[in-house]
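Remarks on the structure that follows.
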Amino acid sequence: MKIHLFGASGAGCTTQGKDLAEILNIPFFDTDDYFWAPSSIPFTKRRSPAARNELLKAALEPYDSWIVSGSLVSWGPEWKSAFDLAVFLYVPHDIRMERLRARELARYGDIFEKDVQRKRMHEEFMEWASSYDTGNVRRSLAIHTAWMNTLSCPVLTIKGDMSVAVRREIMMERIREILSQAD
């Protein structure tokens, strides 16, 4: 199966995707690894749309099954028909923002207290992430909802703050349904 997990930053797509890939014993890919070019300050240098698409397609090509996490909304129309299942994860705003604060602290420690530029970048990221439900221009609930309606595969929406195990079982049930219909 070719599975896509997406949602707001902090919804758990990467964590859930890695878990599901391990259970299914298939490769896992995160769009951040293709969207962002390596740089001294992570997540600051974007790749061109052509470059990121070429890199991701080349990474996926050798495999019959895989999981991709992260938003692909603006990556091109070919992604609308690339999956057997898309999973949209929605976590309430306050929980998501707390997860992001904890993630940022774990990744960067006290760098925001020492480096004014990094503090500004962190604040801009948190402001961007906070606007997901109300209309962020690059990634928002409205954009994701509209995009879901254009996908050629089934879309499973999982809403709420659930454990990885609970969400995994919901996804596995849907995967089993899809596979049984294919037989």
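The values are calculated or read from the model by the stated rules, or taken from the named source; none is laboratory data. Predicted model, so just to flag it, every value in this text is computed and none were measured. Every residue, glycine as well, gets a Cβ built from its backbone with ideal geometry; the counts of neighbours run over all protein chains shown. Accessible surface areas use protein heavy atoms only, side chains included; no ligands, DNA or RNA. Shrake-Rupley method; radii C 1.70, N 1.55, O 1.52, S 1.80 Å.
Some notes on this structure:
- Boolean, residue 58 is over 14 Å from the mean Cα position of the chain (by Cα), modelled with pLDDT under 95 and not polar (S, T, N, Q): no
- Scan of the stretch 149-177 for residues that are of a type in the set (A, V, I, L, M, F, W, C) and surrounded by fewer than 16 Cβ atoms within 10 Å (Cβ to Cβ), ordered by number: 164, 165, 166, 170, 172
- Subset of the stretch 3-38 that is polar (S, T, N, Q) and under 20 Å from residue 103 (Cβ atoms) - its residue that is most open to solvent (accessible area, probe 1.4 Å): 15
- For residue 99: the one exception among (1) over 26 Å from residue 173 (Cα atoms); (2) touching a residue at least 60 places away in the same chain (Cβ under 8 Å); (3) open to solvent by 30 Å² or more (accessible area, probe 1.4 Å); (4) in a loop (DSSP other than H, G, I, E, B): (4)
- Selection count where residues are of a type in the set (Val, Ile, Thr) and closer than 20 Å to residue 92 by Cα, scope the stretch 102-150: 4
- First in the stretch 56-70 and exposed (fewer than 11 other Cβ atoms within 10 Å of the Cβ), second anywhere and at pLDDT below 95 and not aromatic (Phe, Trp, Tyr), Cβ under 8 Å, 6 or more apart: none
- Extreme residue, modelled with the lowest pLDDT, among residues of the stretch 1-40 that are touching a Gly at 6+ places or on another chain (Cβ under 7 Å) and not aliphatic (A, V, I, L, M): 32
- Top-ranked residue of the stretch 131-140 - restricted to ones that are in contact (Cβ under 8 Å) with a residue 24 or more places away in the chain and surrounded by fewer than 17 Cβ atoms within 10 Å (Cβ to Cβ), ranked as farthest from the chain's Cα centre (by Cα): 133
- Contacts under 6 angstrom Cβ, first residue in the stretch 2-15 being within 16 Å of residue 128 (Cβ to Cβ), partner of a type in the set (Gly, Ala, Ser), 6 or more apart: 9/129
- Checking 157, 150 one by one, the residue that is closer than 27 Å to residue 2 by Cβ, out of contact with any Gly (no Cβ under 9 Å at 6 or more places or on another chain) and assigned to a loop (DSSP other than H, G, I, E, B) is 150 and no other.
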